[in-house]
Each structure stands twice: as C-alpha cells, then as structure tokens.
1. If only one of His188, His127, His162 is within 23 Å of Gln229 (Cβ to Cβ) and surrounded by fewer than 18 Cβ atoms within 10 Å (Cβ to Cβ), which one is it?
2. Which of the residues that make up the stretch 205-219 are touching a residue at least 40 places away in the same chain (Cβ under 8 Å) and either assigned to a loop (DSSP other than H, G, I, E, B) or among the aromatic types (Phe, Trp, Tyr) (or both)?
3. So which of Gly242, Gly178 is within 22 Å of Leu139 (Cβ to Cβ) and modelled with pLDDT under 90?
4. Would you be able to say whether some residue in the stretch 67-88 is in contact with a Leu (Cβ under 6 Å, 6 or more places away or on another chain), at pLDDT below 85 and closer than 15 Å to Val24 by Cα?
5. Search the stretch 130-159 for residues being within 27 Å of Asp247 (Cβ to Cβ), charged (D, E, K, R) and crowded, with 16+ Cβ neighbours inside 10 Å, and hand back the single one that is nearest to the chain's Cα centre (by Cα).
6. Among the residues of the stretch 129-139, which ones are among the aliphatic types (A, V, I, L, M), farther than 14 Å from Ala180 by Cα and not in a loop (DSSP other than H, G, I, E, B)?
7. Counting only residues that are outside any helix (DSSP H, G or I) and within 16 Å of Gly208 (Cβ to Cβ), how many does the stretch 140-185 have?
8. State yes or no: is Leu228 assigned by TED's automatic domain parsing to the domain that holds Ala176 and either out of contact with any Lys or Arg (no Cβ under 9 Å at 6 or more places or on another chain) or crowded, with 20+ Cβ neighbours inside 10 Å (or both)?
Amino acid sequence: MNFAVDSLGAFLEREYRLVIVEIVEALGSTPRETGAFMLVSATDTHGTIGGGQMEFLAIDNARALLAGITDRYEMDIPLGPDIGQCCGGRVLLRFTIADDAARASLVRRLRERLAALPEVWLFGAGHVGRALADALLLLPLKIYAVETRKSELDLMASGASHRLVAMPESVVGHAAPGSAVIILTHDHALDFLIARQALAREDLAYVGMIGSKTKRATFASWARREGLQDDKIDRLILPIGGKTVADKRPAVIAALAAAEILTALAAYRVTSGS
C-alpha cells in the first residue's frame, strides 16, 4: 500500500467532508485487494481502488452521498462487459462518511500498516544508493540509508531514514527480520564487512551488493577465509538487478534492483507466513 500518513494527513486537513470507499470483498480477478481504499471529497480524491469504470462509479456514488441524493452505502460490482471492464472478478464496496471517529480510525489503521511495512536498508548513499532510494520510496516500504560520509547522506532523499555511522557493519543487526540489505558503499573492503554481517543472519529476505563477476569471486574467496560457509555466500545477490540488461546508469540499476527486492520480500513473507 503506497499511502503515506503525511499525504493522508494533508488531504484530511484540506478536505473535511469526504467519503471512505473500501473494498470489503474481492472475488476472482480484481485490480485491487480486499482492504484497499480511497478517499473522495466533492472535488478531489486520494488513493485508488483500482481505477477504470469501477472507480468512476464509486466516485460518483460517494459524491452523491455527500450531496444527500443517495443513501447507497454498499455497491456490488461485477467487473465485466456491463461496465466496460474485463477483469472477470467482482468487488463489494463499502462507503463510509468520514466523521471525526472515522478519520481517527483511518489514521490509526494507516499507522499500523506503515509500522508493519518491510524494511530496506541501503548501505551507501552514492549515485546508485540515491537512485535506489528514489525508486523504493514510491513503494510500500520503510527505507533506511546508512553512510559514513555526511556529505553523501545529505544528498539522500529525505523520505529515507538517515543513519550516519562510523562503522556501518555494526548496524546490520538493527534491521528487522525479513528486511532487505543492499550494499553499495564507496569501499569494497567495507562492502565485504557489511555483507559478512548480513549473511551471518538467517532471517533476512534479501542481501545484495553492487558489483561485478570479479567482485563476487573476490568476495567469495575472502568470505571463505573469514569462515563463512558456501551456503551463506551463495545467498548474496551480486550484482544486484540481474544480468539481462547491460545498462549501468544508476536509475536503470535502481529500477531493476527494486523489482528484484520486491520479489524477494514477497517470497519471504509467503515462506515465513508473516
């Protein structure tokens, strides 16, 4: 869910009279899942329940509620030819006038969801680290950026939680179980120290490092001398972003790595049952 408390707060402050539109049941193929919701005021909207004709119908009904010309608080919508959509599923929508109690409940629910979001720890705030932060901040994730250089960290997006530390490897243990750790510092030796700490953990969803085939071989040799077993070394994703696209511009690497990280986080949640 890409639904920041800050933007929600701004919308609630600006729009007092509004309706919460929530998917309470999603059957078959649908554009959004149960629990997805949006806010509708007389002139604006916030969030989405999937777009298309279904969303237009929902917005029209919400505004009719606000205008007092309907009392329809639920809509059962088949996503088929009748409304010009071909998903084939069905959604049940609930409409709630957002009084003070509903607003407070909404903010609480959003804060709970944000607290449960997966963590991504970026070790390094250079060109690729900053590009990756920009890509990941658009996604339902909590981003932490760790650096030894204040000058680089100051350039990092403010949406990431900044950690200026002398020994980045010492904060690997701060990552919550199920987190992703991505290593892209300016120093190969430091990369290796961070990776050793991360790979020693069994509860991380993803451990990746920027680099090359040669860097991977060098790390593997060093890690074995440090006592790391091959099964742990094999968990390291290096290079991040895969090998299919050869473009090494930071934004391209970031886009490819973001997809890779999301996939790993989702797989971890399935296997761990979290």
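The values are calculated or read from the model by the stated rules, or taken from the named source; none is laboratory data. Since this is a predicted model, take the numbers as computed values, not measurements. In this analysis, Cβ positions are derived from the backbone assuming ideal geometry, glycine residues included, and neighbour counts consider all displayed protein chains.
1. Within the list His188, His127, His162, the selection yields His188.
2. If the condition is that a residue be touching a residue at least 40 places away in the same chain (Cβ under 8 Å) and either assigned to a loop (DSSP other than H, G, I, E, B) or among the aromatic types (Phe, Trp, Tyr) (or both), then Ala205, Tyr206, Ile210 are the ones that fit.
3. Working: Gly178 fails: modelled with pLDDT under 90.
Checking each option against the conditions leaves just Gly242.
4. no
5. Taking the candidates together, the pick is Asp134.
6. Within the stretch 129-139, Ala131, Ala135 meet the criteria.
7. Going through the stretch 140-185 one residue at a time, the tally reaches 14.
8. no
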